[in-house]
Amino acid sequence: MQGREFAWTDADFDRVQSLIYQRAGISLHDGKHAMVYSRLSRRLRETGHQSFREYLGWLENHDGPEWQEFVNALTTNLTSFFREQHHFEIFAEYLKSRPAGTPWRVWCSAASTGEEPYSIIVTALESLGVKANFRLTASDIDSKVLATAAQGVYRMEGLKGMSPERIQRFFMRGKGANDGMVRIKSEVRQLVDFISVNLIRDDWPFREPFDIVFCRNVMIYFDASTQRKVLERIHRVMKPGGLLFVGHAENFSESRDLFVLRGKTVYERH
(Lines give C-alpha, C1' and ligand atoms only; values in the text may rest on other atoms or scores of the structure.)
Protein backbone atom coordinates (compact mmCIF):
# COMPACT_ATOMS: atom_id res chain seq x y z
CA MET A 1 0.00 0.00 0.00
CA GLN A 2 1.41 3.39 -1.01
CA GLY A 3 1.93 6.22 1.42
CA ARG A 4 2.96 4.12 4.39
CA GLU A 5 6.04 5.15 6.31
CA PHE A 6 7.21 1.54 6.78
CA ALA A 7 6.92 -1.54 4.58
CA TRP A 8 4.13 -3.74 5.94
CA THR A 9 3.50 -7.27 4.64
CA ASP A 10 1.21 -10.17 5.45
CA ALA A 11 4.29 -11.98 6.77
CA ASP A 12 4.92 -9.11 9.24
CA PHE A 13 1.31 -9.31 10.44
CA ASP A 14 1.54 -13.10 10.83
CA ARG A 15 4.66 -12.66 12.96
CA VAL A 16 2.95 -10.05 15.16
CA GLN A 17 -0.05 -12.40 15.53
CA SER A 18 2.24 -15.20 16.65
CA LEU A 19 4.30 -13.08 19.08
CA ILE A 20 1.34 -11.44 20.85
CA TYR A 21 -0.35 -14.84 21.16
CA GLN A 22 2.77 -16.34 22.78
CA ARG A 23 3.29 -13.39 25.12
CA ALA A 24 -0.24 -12.40 26.08
CA GLY A 25 -2.59 -15.07 24.72
CA ILE A 26 -4.25 -12.47 22.50
CA SER A 27 -5.73 -13.78 19.25
CA LEU A 28 -5.53 -10.96 16.71
CA HIS A 29 -7.93 -11.63 13.87
CA ASP A 30 -7.08 -10.80 10.28
CA GLY A 31 -9.14 -7.61 10.23
CA LYS A 32 -6.66 -5.90 12.59
CA HIS A 33 -3.95 -5.05 10.01
CA ALA A 34 -4.50 -1.27 10.13
CA MET A 35 -4.70 -1.15 13.94
CA VAL A 36 -1.50 -3.19 14.35
CA TYR A 37 0.37 -1.10 11.78
CA SER A 38 -0.59 2.22 13.37
CA ARG A 39 0.15 1.15 16.95
CA LEU A 40 3.42 -0.63 16.24
CA SER A 41 4.80 1.94 13.80
CA ARG A 42 5.20 4.21 16.88
CA ARG A 43 7.42 1.54 18.42
CA LEU A 44 9.57 1.47 15.24
CA ARG A 45 10.02 5.25 15.45
CA GLU A 46 10.93 5.11 19.13
CA THR A 47 13.39 2.22 18.77
CA GLY A 48 14.90 3.53 15.54
CA HIS A 49 14.11 0.50 13.39
CA GLN A 50 13.61 0.97 9.66
CA SER A 51 11.21 -1.92 9.01
CA PHE A 52 8.80 -4.24 10.80
CA ARG A 53 10.94 -7.17 9.78
CA GLU A 54 13.97 -5.64 11.48
CA TYR A 55 12.02 -4.60 14.61
CA LEU A 56 10.33 -7.99 15.07
CA GLY A 57 13.61 -9.83 14.51
CA TRP A 58 15.28 -7.65 17.12
CA LEU A 59 12.38 -8.23 19.53
CA GLU A 60 12.66 -12.01 19.15
CA ASN A 61 16.35 -11.86 20.04
CA HIS A 62 16.11 -9.61 23.10
CA ASP A 63 14.28 -10.18 26.37
CA GLY A 64 14.17 -6.58 27.56
CA PRO A 65 11.66 -3.85 28.37
CA GLU A 66 10.58 -3.45 24.74
CA TRP A 67 8.45 -6.59 25.10
CA GLN A 68 6.32 -4.71 27.63
CA GLU A 69 5.99 -1.80 25.19
CA PHE A 70 4.99 -4.25 22.42
CA VAL A 71 2.25 -5.76 24.62
CA ASN A 72 1.12 -2.31 25.85
CA ALA A 73 0.77 -1.13 22.24
CA LEU A 74 -1.47 -4.03 21.25
CA THR A 75 -3.77 -4.23 24.27
CA THR A 76 -7.04 -2.33 24.25
CA ASN A 77 -8.06 -0.33 27.32
CA LEU A 78 -11.71 0.60 26.99
CA THR A 79 -13.12 1.31 30.41
CA SER A 80 -15.37 3.61 32.40
CA PHE A 81 -16.71 4.00 35.93
CA PHE A 82 -19.55 1.56 36.78
CA ARG A 83 -19.50 -0.02 33.33
CA GLU A 84 -22.16 -2.75 33.16
CA GLN A 85 -24.04 -1.32 36.13
CA HIS A 86 -26.00 -4.53 36.83
CA HIS A 87 -22.76 -6.20 37.97
CA PHE A 88 -22.28 -3.65 40.73
CA GLU A 89 -25.85 -4.17 41.93
CA ILE A 90 -25.30 -7.96 42.14
CA PHE A 91 -21.91 -7.38 43.78
CA ALA A 92 -23.47 -5.07 46.43
CA GLU A 93 -26.18 -7.63 47.26
CA TYR A 94 -23.59 -10.38 47.58
CA LEU A 95 -21.50 -8.27 49.98
CA LYS A 96 -24.56 -7.54 52.14
CA SER A 97 -25.52 -11.23 52.26
CA ARG A 98 -22.81 -12.05 54.82
CA PRO A 99 -22.43 -10.89 58.43
CA ALA A 100 -20.85 -7.50 59.16
CA GLY A 101 -17.07 -7.70 59.54
CA THR A 102 -16.73 -10.64 57.12
CA PRO A 103 -13.32 -10.31 55.44
CA TRP A 104 -13.53 -9.91 51.66
CA ARG A 105 -10.74 -10.58 49.18
CA VAL A 106 -11.47 -9.46 45.64
CA TRP A 107 -9.41 -9.52 42.45
CA CYS A 108 -9.95 -7.22 39.47
CA SER A 109 -7.90 -8.89 36.74
CA ALA A 110 -8.12 -6.18 34.06
CA ALA A 111 -7.60 -2.97 36.01
CA SER A 112 -6.85 -0.82 32.96
CA THR A 113 -6.63 2.86 34.04
CA GLY A 114 -8.40 2.24 37.36
CA GLU A 115 -12.06 3.03 36.74
CA GLU A 116 -13.16 -0.56 37.34
CA PRO A 117 -11.14 -1.17 40.54
CA TYR A 118 -12.28 2.12 42.07
CA SER A 119 -15.92 1.37 41.12
CA ILE A 120 -15.53 -1.95 42.97
CA ILE A 121 -14.16 -0.27 46.11
CA VAL A 122 -16.79 2.51 46.08
CA THR A 123 -19.52 -0.17 45.88
CA ALA A 124 -17.89 -2.09 48.76
CA LEU A 125 -17.65 1.00 51.00
CA GLU A 126 -21.28 1.94 50.25
CA SER A 127 -22.45 -1.61 50.96
CA LEU A 128 -20.30 -2.47 53.97
CA GLY A 129 -19.72 0.93 55.59
CA VAL A 130 -16.41 2.50 56.57
CA LYS A 131 -15.46 -0.44 58.79
CA ALA A 132 -15.42 -2.70 55.70
CA ASN A 133 -12.96 -5.58 56.02
CA PHE A 134 -12.14 -5.37 52.34
CA ARG A 135 -9.04 -5.71 50.18
CA LEU A 136 -8.80 -5.46 46.40
CA THR A 137 -5.98 -6.73 44.22
CA ALA A 138 -6.08 -5.04 40.81
CA SER A 139 -3.87 -6.27 38.00
CA ASP A 140 -3.20 -5.72 34.32
CA ILE A 141 -0.65 -6.84 31.73
CA ASP A 142 -0.13 -3.21 30.61
CA SER A 143 2.37 -1.41 32.85
CA LYS A 144 1.41 2.09 31.64
CA VAL A 145 -2.28 1.83 32.53
CA LEU A 146 -1.39 0.49 36.00
CA ALA A 147 0.70 3.61 36.65
CA THR A 148 -2.30 5.76 35.66
CA ALA A 149 -4.61 3.68 37.86
CA ALA A 150 -2.35 4.10 40.90
CA GLN A 151 -2.47 7.89 40.44
CA GLY A 152 -6.29 7.86 40.54
CA VAL A 153 -6.67 11.16 38.65
CA TYR A 154 -9.48 11.53 36.11
CA ARG A 155 -11.28 14.12 34.02
CA MET A 156 -14.50 15.36 35.59
CA GLU A 157 -16.48 14.34 32.48
CA GLY A 158 -15.45 10.71 33.10
CA LEU A 159 -17.77 10.78 36.16
CA LYS A 160 -20.95 11.56 34.20
CA GLY A 161 -23.88 9.54 35.46
CA MET A 162 -22.47 9.41 38.99
CA SER A 163 -24.55 11.07 41.70
CA PRO A 164 -23.24 14.34 43.22
CA GLU A 165 -23.27 12.62 46.66
CA ARG A 166 -21.03 9.82 45.41
CA ILE A 167 -18.63 12.26 43.75
CA GLN A 168 -18.43 14.39 46.90
CA ARG A 169 -17.83 11.37 49.14
CA PHE A 170 -15.15 9.61 47.10
CA PHE A 171 -13.43 12.26 44.93
CA MET A 172 -11.52 15.50 45.44
CA ARG A 173 -11.95 18.21 42.81
CA GLY A 174 -8.85 19.83 41.33
CA LYS A 175 -8.30 23.57 41.68
CA GLY A 176 -6.36 26.08 39.60
CA ALA A 177 -4.27 24.27 36.99
CA ASN A 178 -6.10 21.03 37.87
CA ASP A 179 -9.56 22.48 37.33
CA GLY A 180 -11.80 19.95 35.54
CA MET A 181 -9.91 17.04 37.09
CA VAL A 182 -10.76 14.85 40.09
CA ARG A 183 -8.70 12.54 42.26
CA ILE A 184 -10.01 9.48 44.03
CA LYS A 185 -9.69 9.96 47.83
CA SER A 186 -6.91 8.21 49.73
CA GLU A 187 -9.44 6.17 51.79
CA VAL A 188 -10.35 4.43 48.52
CA ARG A 189 -6.81 4.18 47.14
CA GLN A 190 -5.48 2.59 50.31
CA LEU A 191 -7.78 -0.45 49.85
CA VAL A 192 -6.19 -1.55 46.57
CA ASP A 193 -2.88 -3.11 45.55
CA PHE A 194 -1.95 -2.64 41.89
CA ILE A 195 0.25 -5.39 40.46
CA SER A 196 1.27 -6.66 37.04
CA VAL A 197 -0.18 -10.09 36.15
CA ASN A 198 -0.13 -11.84 32.79
CA LEU A 199 -3.24 -14.04 32.74
CA ILE A 200 -1.71 -16.67 30.45
CA ARG A 201 1.43 -17.20 32.55
CA ASP A 202 1.31 -19.76 35.31
CA ASP A 203 3.11 -17.51 37.81
CA TRP A 204 0.23 -15.75 39.55
CA PRO A 205 1.49 -14.42 42.89
CA PHE A 206 -1.61 -15.13 45.00
CA ARG A 207 -1.40 -16.97 48.33
CA GLU A 208 -4.94 -16.58 49.70
CA PRO A 209 -8.06 -17.50 47.69
CA PHE A 210 -10.46 -14.81 46.47
CA ASP A 211 -14.16 -14.46 47.30
CA ILE A 212 -14.88 -12.57 44.07
CA VAL A 213 -13.08 -12.13 40.75
CA PHE A 214 -13.83 -9.55 38.06
CA CYS A 215 -12.46 -10.70 34.69
CA ARG A 216 -14.48 -8.60 32.29
CA ASN A 217 -13.90 -8.12 28.56
CA VAL A 218 -10.52 -9.85 28.59
CA MET A 219 -11.40 -13.35 27.45
CA ILE A 220 -12.85 -12.04 24.17
CA TYR A 221 -9.23 -11.61 23.05
CA PHE A 222 -8.39 -15.28 23.77
CA ASP A 223 -9.13 -18.39 21.73
CA ALA A 224 -11.16 -21.23 23.28
CA SER A 225 -8.19 -23.25 24.58
CA THR A 226 -6.59 -20.18 26.19
CA GLN A 227 -9.94 -19.21 27.74
CA ARG A 228 -10.24 -22.66 29.27
CA LYS A 229 -6.70 -22.54 30.74
CA VAL A 230 -7.33 -19.10 32.26
CA LEU A 231 -10.69 -20.23 33.70
CA GLU A 232 -9.01 -23.25 35.30
CA ARG A 233 -6.44 -20.94 36.92
CA ILE A 234 -9.12 -18.52 38.11
CA HIS A 235 -11.01 -21.50 39.57
CA ARG A 236 -7.86 -22.49 41.49
CA VAL A 237 -7.47 -19.06 43.13
CA MET A 238 -11.15 -18.73 44.18
CA LYS A 239 -13.15 -19.99 47.15
CA PRO A 240 -16.01 -22.42 46.40
CA GLY A 241 -19.23 -20.44 46.01
CA GLY A 242 -17.32 -17.30 45.00
CA LEU A 243 -18.57 -15.08 42.18
CA LEU A 244 -16.87 -14.49 38.82
CA PHE A 245 -18.00 -11.43 36.86
CA VAL A 246 -17.30 -11.54 33.10
CA GLY A 247 -17.92 -9.25 30.12
CA HIS A 248 -21.26 -8.87 28.35
CA ALA A 249 -19.98 -10.68 25.22
CA GLU A 250 -18.42 -13.60 27.11
CA ASN A 251 -20.04 -16.99 27.67
CA PHE A 252 -18.44 -19.91 29.50
CA SER A 253 -21.29 -22.42 29.47
CA GLU A 254 -18.76 -24.94 28.10
CA SER A 255 -16.96 -24.83 31.45
CA ARG A 256 -19.89 -25.91 33.63
CA ASP A 257 -17.55 -28.21 35.56
CA LEU A 258 -15.83 -25.07 36.91
CA PHE A 259 -18.48 -22.35 37.01
CA VAL A 260 -22.27 -22.27 36.92
CA LEU A 261 -24.23 -19.29 35.58
CA ARG A 262 -25.81 -17.31 38.44
CA GLY A 263 -27.10 -14.21 36.65
CA LYS A 264 -26.42 -12.06 33.62
CA THR A 265 -22.71 -12.73 32.94
CA VAL A 266 -22.13 -13.71 36.59
CA TYR A 267 -20.85 -17.19 37.42
CA GLU A 268 -20.48 -19.07 40.69
CA ARG A 269 -17.44 -21.23 41.33
CA HIS A 270 -18.15 -24.92 41.93
Given the criterion open to solvent by 20 Å² or more (accessible area, probe 1.4 Å) and among the small types (Gly, Ala, Ser), identify the matching residue among 27, 41. 27
Picked from segment 47-58 (must be in contact (Cβ under 8 Å) with a residue 12 or more places away in the chain and part of a helix (DSSP H, G or I)), the residue most open to solvent (accessible area, probe 1.4 Å) is 53
Scan 105, 98 and give me the residue that is among the basic types (Lys, Arg) and without any contact (Cβ under 8 Å) to a residue 12 or more places away in the chain. 98
Filtering segment 59-68 down to residues that are of a type in the set (Asp, Glu) and assigned to a helix (DSSP H, G or I), which residue is farthest from residue 224 (Cα to Cα)? 66
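Each row is one residue, and each column tells you yes or no for (1) open to solvent by 90 Å² or more (accessible area, probe 1.4 Å); (2) part of a loop (DSSP other than H, G, I, E, B); (3) of a type in the set (Val, Ile, Thr).
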residue	(1), (2), (3)
162	no, yes, no
165	yes, no, no
169	yes, no, no
177	yes, no, no
183	no, no, no
188	no, no, yes
Looking for whichever is assigned to a helix (DSSP H, G or I) and not acidic (Asp, Glu) here; the options are 38, 139, 80, 112. Which one fits? 38
Residue match in segment 150-170 (condition: more than 19 Å from the chain's Cα centre (by Cα) and among the polar types (S, T, N, Q)): yes
Looking at (1) free of Cβ contacts under 8 Å to residues at least 40 places away in the same chain; (2) over 28 Å from residue 263 (Cα atoms), find the lone condition where residue 92 falls short. (2)
Quick one: residue 78 ticks every box in (1) under 30 Å from residue 8 (Cα atoms); (2) over 13 Å from the mean Cα position of the chain (by Cα) bar one, so which box is it? (2)
Just the residues that are among the acidic types (Asp, Glu), open to solvent by less than 20 Å² (accessible area, probe 1.4 Å) and closer than 19 Å to residue 94 by Cα, please, taken from segment 211-270. 211
Name the residues in segment 197-236 that are outside any loop (DSSP other than H, G, I, E, B), under 12 Å from the mean Cα position of the chain (by Cα) and at pLDDT 95 or above, would you? 213, 214, 215
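Table: residues versus (1) modelled with pLDDT of 95 or more; (2) surrounded by 15 or more Cβ atoms within 10 Å (Cβ to Cβ); (3) over 27 Å from residue 114 (Cα atoms).
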site	(1), (2), (3)
14	yes, no, yes
35	no, no, no
60	no, no, yes
65	no, no, no
75	no, yes, no
80	no, yes, no
88	yes, yes, no
95	yes, yes, no
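The values are calculated or read from the model by the stated rules, or taken from the named source; none is laboratory data. For clarity, every value in this text was computed on a predicted model and none was experimentally measured. Positions of Cβ are backbone-derived with ideal geometry, glycine not excepted, and every protein chain shown enters the neighbour counts. Areas reflect the complete protein model, heavy atoms only, side chains present, ligands, DNA and RNA absent. Shrake-Rupley method; radii C 1.70, N 1.55, O 1.52, S 1.80 Å.
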